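Read the structure below first, then the notes.
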């Protein structure tokens, strides 16, 4: 029986993307992604000499860029779900 046990939320494994995978996810060319990365527009990490991207950070970046009614509501909803 599991009486008196506290439920511990499972940590979701972060999905790391290569430059090509991240560009495909964002629906842009790898060259455009490299330009945006070097201009500081896209969050990235270095592994050896390669760039790596967290899919969750790319998604949050896209949600921040939404324009029009309800833009901030959607971002707040996403952050609450992630516990941010």
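Only the coordinates and a few stated rules stand behind these numbers; no lab work does. The model shown is predicted, which means the values in this text are computed figures rather than measured ones. Methodologically, a virtual Cβ is constructed for each residue, glycine included, from the backbone with ideal geometry; neighbour enumeration extends over all protein chains shown.
Side notes on the structure shown:
- Were the residues from residue 27 through residue 81 laid out at 0.36 nm apart, the gain over their Cα-Cα distance would be 17.0 nm.
- Of the residues 45, 53, the one with the fewest other Cβ atoms within 10 Å heads the list, and the complete ranking is 45, 53.
- Spacing of the modelled spin labels on residue 67 and residue 36, each 7 Å from Cα toward Cβ, amounts to 1.5 nm.
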